[in-house]
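A short write-up of the structure that comes next.
Values in this text are rule-based calculations from the coordinates and carry no lab data. Worth saying up front: this structure is predicted, and the values here are computed from it rather than measured. Cβ sites come from the backbone with ideal geometry, for glycine too, and all protein chains shown count toward neighbours.
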2 protein chains.
Amino acid sequence: MKNILLLGAGQSASTLIQYLLTLNDANGWQIAIGDVNAELANKKGEGKARGFAFNVTNVAQLEEEVGKVDLVISMLPARFHMAVANACLKFSKHLVTASYVNTEMRELDEEAKRKGLVFLNECGLDPGIDHMSAMQVIDQIRNNGNELIGFESFTGGLLAPTDEENPWKYKFTWNSRNVVLAGQGVVKFIQEGRYKFIPYHRLFRRTEIVHIPKYGEFEGYANRDSLQYLDVYNLRGIKTLYRGTFRRPGFSKAWNIFVQLGATDDSFQMEDVETMTHRQFINSFLSYNPHDSVELKLAHYLNLDMQGEIMHKLKWVGIFSDELVGLKEGTPAQILEAILRKKWTLSSQDKDMIVMWHKFNYIDKNNNNRETEIHSSIVTMGENTTHTAMSKTVGLPLGIASKLILEGKVKSRGVIIPIVKELYEPILTELSEDFGFDFTESCVLTPQE
Amino acid sequence: MKNILLLGAGQSASTLIQYLLTLNDANGWQIAIGDVNAELANKKGEGKARGFAFNVTNVAQLEEEVGKVDLVISMLPARFHMAVANACLKFSKHLVTASYVNTEMRELDEEAKRKGLVFLNECGLDPGIDHMSAMQVIDQIRNNGNELIGFESFTGGLLAPTDEENPWKYKFTWNSRNVVLAGQGVVKFIQEGRYKFIPYHRLFRRTEIVHIPKYGEFEGYANRDSLQYLDVYNLRGIKTLYRGTFRRPGFSKAWNIFVQLGATDDSFQMEDVETMTHRQFINSFLSYNPHDSVELKLAHYLNLDMQGEIMHKLKWVGIFSDELVGLKEGTPAQILEAILRKKWTLSSQDKDMIVMWHKFNYIDKNNNNRETEIHSSIVTMGENTTHTAMSKTVGLPLGIASKLILEGKVKSRGVIIPIVKELYEPILTELSEDFGFDFTESCVLTPQE
């Protein structure tokens, strides 16, 4: 019998908890769930798991609970992982998280190895499934003796197709603040052997369209720093390396209006927020002109067609309304987020979807050095407002990885991420076979001149 | 007889030192000049001042030198002012600087007052002459019982008109790094009673043209934070408040190309800088396309006419050249600065000029509440590469203020800035009468409807 401790029972843990309960059903493994909200922890445990009130800053409690189990899954905010990791080291327990490995975590590698522990991180969706699905194909290409020359990858957390006449075809399905701030800073990638940089204010105009069979077209804009994947995936020398985010076509051009206005700025507090309307918020980024409407000033400033699609999206989402923002204070980004949440919050009928797409280019050494391209995609839909696609894609890899570790099927030790076959292969297989994740892969021969 | 200690004898102190030497000539006042470079200090002192090697981190030396004099002028980098200020407090000496008052300095106010000391800051050009020339008119308007409703102010450090066919009509006349980074962050101002914000990437497209009689047209873009002047000048309730920077017309549209590219970004180190050419630098912000030239890609990306004025400016300044940048490493902003310095460094023939312009709007209570506008400008030219306009405008106010303090003509005590009549009036008069600063003021009646 194995014992698992899950820390954090919020929205994103719902599907993970369901998965852990099946381990209890099948193998009698004991599950304990700690959350600041004991009632929530108990309710989600459905009587099969022990829920308890948990406070991560209470070291005595943390150590007592960690000491009792074989493996800890931390769904706590990333800043608390180190406290958990230290307790795991102290009592020699495995640890699994969905968060990025930072320097502090990396420094535990040696000690974790020495104690024979797995500290598996970046094992959710992004980071997580992106690593696994990419490395599966990359390893395949390399194992065949071929040379990888290009890797592009996009992920999107989107609204599943709906009847609603939402011209953005988008709602917040995850952390709305991160969506508003997405892309700030400088975007870095490699294109045909050259380092390329895009400043934030140009990002949403440099998009590309990707077609995914059965699911239609998606629009991708670049993520902040693709270069870090040079080392993560061992891609030094690759000619093209680009990671991005998917939206539905047309989203970026309209979103760009907010960027151009400065409405996504998070660096300063605005004035008089308590009495500010949506319309006044937008007007504060436009010149004074007592004769023109805010709509007309905006259209003129950013060269928009008053009857066009972008203006339609902006009107639909309510930015010209005389409604109060409803905050007491805030940065432009916080105020924009508050305005957008009024229209972009999922209803009980809405479902979300996750779309991930990779493109690999390689020189086929077994076929006259012909350049070949592989497309691989993964699509999964939310089932309802609890088991959203986000909750599934973050939670299931954590759950499956935890099972594999406790079954002794993972030989790696130390601070790792799921880019090794012993992890990605069984996890991707289970996601596809047992949980309906739609994986497809197709090979494209690049036309020869 | 009075004793003055000047700390810092660099380029910007040249005119100040000349001024101090005249005080020695006229009144026999003793001048001591401390600089890390003793030779420089001695040379600039022309045998009339005592130059010595000075190290601000040597507290014993600092205190010994401060102890000997009546007043200290610090031209050291702003971060060293607190050490000097503390020594001045300890030995009860007056202090004069051209730097902004920060929180630490402000906290010395009470003790300086108690000891009967003047700690005068922000007494150079900007901050300095801007405060003085603005407050002179603002006080005038208020003393006549009128209501100030608008204040706009622009300052530019520019290249004096020249025969050279420099299409930018601009060279670096001061800190080139600050010029490259100018405007980063968010611009805040008040227009007709409304707070307005401009993000950096739109700043150089929201310019206005100002005509100054005898000197022609200037183009102004907004400075970062005008709102701080609400309190500095006691302007709470004012309807329009805007501070900006002058360039020659056409500059901003061309500069905007660097901003749009991301070439002014200072947040990350670029790759392969040692082998990078100007052209490769620009290309790193453009998409890959093996068939088009860098010029064509840039023109297409930012919608420029290949034969137009902006492209002419860009070509003239050398950004498409195959010349090496000449740095070992650098951020985009550092690399752009290095490229521009090759063309934008003053030659021995070049002269700089400082242009300052204020616009005041007020309700004339003595004339049927008629809205009235006052324009006030100050222009001064550099004499040569030593006594530049920058050196004159920063140094002379410091020198004159020091004289006034030592003559007992300044009654204010504590940490102050030159917004009081006892300072601005004699300083502005001396600048105009003895140093050829061209002050003009004109009154404009706003047309009535």
Next on the checklist: Only Cα pairs within less than 10 Å get springs; with that Gaussian network setup on chain B, which residue of B:Gln334, B:Gln307, B:Gln184 has the largest fluctuation?
Outcome noted: B:Gln307
Item to check | Label distances, nm, A:Phe91 versus same residue in remaining copies, Cβ-directed 7 Å point | outcome: 6.5
Item to check | Hits among aspartates and glutamates - C-alpha to C-alpha of B:Lys43 under 20 Å, sequence gap 8 or more where chains match | outcome: B:Asp25, B:Asp35, B:Glu65, B:Glu383
Item to check | Candidate lysines for bridging to B:Lys315, where Cα separation is under 20 Å - those fewer than 8 sequence places away on the same chain excluded | outcome: B:Lys169, B:Lys171, B:Lys253, B:Lys297, B:Lys342, B:Lys343
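Taking a threshold of 23 Å on the Cα-Cα distance, which of the pairs A:Lys48/A:Lys90; B:Lys2/B:Lys93; A:Lys214/A:Lys359 fall above it?
Details: A:Lys48/A:Lys90 28 Å; B:Lys2/B:Lys93 12 Å; A:Lys214/A:Lys359 17 Å.
Pairs exceeding 23 Å: A:Lys48/A:Lys90.
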Checklist entry - Straight-line reach from A:Lys44: which lysines have a Cα under 18 Å away, not including same-chain ones fewer than 8 places off? => result A:Lys392
Item to check | Selected from A:Tyr242, B:Ser133, B:Cys443, residue furthest toward positive end of dipole (the protein assembly as shown; charges at beta carbon) | outcome: B:Ser133
Next on the checklist: Measuring from the axis that superposes chain B on chain A, report the chain B residue with the minimal C-beta distance, rounded to whole Å.
Outcome noted: B:His201, 2
Item to check | Hydrodynamic radius (Kirkwood) for segment B:256-344, which is based on Cα pairs only, to one decimal in Å | outcome: 13.2
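When the helices in chain B are scored as -39500 (n - 2.57) per DSSP H run of 4 or longer and the sum is shared across all residues, what 222 nm value do you end up with, to the nearest 500 deg cm²/dmol? Could the numbers behind the result be given before it?
Details: 17 runs with 160 residues, N = 449.
The helix contribution divided over chain B gives -10000 deg cm²/dmol.
To the nearest 20 debye, what charge dipole does the protein assembly as shown have about its Cα centre, counting +1 at the Cβ of each Lys and Arg and -1 at the Cβ of each Asp and Glu? Can you show the working numbers first?
Details: 98 positive and 112 negative charges, 165 e Å.
Dipole size: approximately 800 debye.
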Checklist outcome for this item: At the level of C-alpha centres, the distance separating segment B:328-355 and segment A:44-78, in angstrom, is 59
Item to check | For A:Glu63, label point 7 Å along C-beta direction: distances to other copies, nm | outcome: 4.8
Item to check | Dipole magnitude of segment A:1-103 about its Cα centre (Cβ charges: Lys, Arg +1; Asp, Glu -1), debye to nearest 20 | outcome: 100
Item to check | Under the Debye formula (equal points on every Cα, no solvent term), log10 I(q)/I(0) of segment B:1-54 at q = 0.22 Å⁻¹ | outcome: -0.68
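Grab the alpha carbons of segment A:297-426, take their convex hull, and tell me the volume per residue in Å³.
Values: hull volume 35.1 nm³, N = 130.
Cα convex hull per residue, to the nearest whole number: 270 Å³.
What's the magnitude of the charge dipole for chain A around its Cα centre, counting Lys and Arg as +1 and Asp and Glu as -1 at the beta-carbon? Answer in Debye, nearest 20. Kindly include the intermediate steps, with their values, before the conclusion.
Values: 49 positive and 56 negative charges, 131 e Å.
With only Lys, Arg, Asp and Glu charged at Cβ, the dipole is about 640 debye.
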Checklist entry - If you line up the Cα atoms of the protein assembly as shown on their principal axes, what length do they span on each, largest first, in Å? => result 99, 62, 61
Item to check | Relative exposure of A:Tyr170, A:Tyr288, A:Tyr233, judged by other C-beta atoms within 10 Å (fewest first) | outcome: A:Tyr288, A:Tyr233, A:Tyr170
Next on the checklist: Taking amide H atoms as placed 1.01 Å from N in the peptide plane, list the residues 5 or more away in sequence, or in a different chain, whose amide H sits under 5 Å from that of A:Leu159.
Outcome noted: A:Lys171, A:Met353
Next on the checklist: Label position 7 Å from Cα toward Cβ: report the copy-to-copy distances for B:Thr22 in nm, one decimal, ordered from shortest.
Outcome noted: 8.9
Checklist entry - When the distances between all Cα atoms of chain B are binned every 10 Å from zero, what whole-number percent does each bin get? => result 4, 19, 27, 25, 17, 7, 1, 0
